[in-house]
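Presented below is the structure to which this report refers.
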């Protein structure tokens, strides 16, 4: 099951959000916030989850040749991994992702 809809996190409105539920519960969750809310959103993540285990800055380039610095922050938990990317899929937004590892299963062969 997939859910879309308006939501807010720590009083910050999400531009969009998406959640995927499988047989065992939440599998993936993502949301985007406006670039004006990036500092407040990151501050709320750090306040709740502590400092990220990884911070990476790299340069990306769009199709027109313009270059931008992109920052990626990562957290790991016992039940999944979170990542924050700014700018995200759009230059005026930042993206937050949470994913739960799917347990490895033996392929079922049914002949």
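Just so it is clear, none of the values below were taken in a lab; they were calculated from the coordinates. All figures in this text were calculated on a predicted structure; none of them were measured in a lab.
The table for this structure:
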{"quantity": "Estimated 222 nm signal from helices in the chain, with DSSP H stretches of n ≥ 4 weighted -39500 (n - 2.57), rounded to 500", "calculated": "-3500 deg cm²/dmol"}
{"quantity": "Among 87, 101, 23: highest mean-square fluctuation, GNM of the chain, C-alpha pairs under 10 Å", "calculated": "23"}
{"quantity": "Selected from 47, 66, 86 as most flexible by GNM, with the chain as the system and alpha-carbon contacts under 10 Å", "calculated": "66"}
{"quantity": "Segment 2-99, relative contact order [Cα under 8 Å, separation at least 6], %", "calculated": "23"}
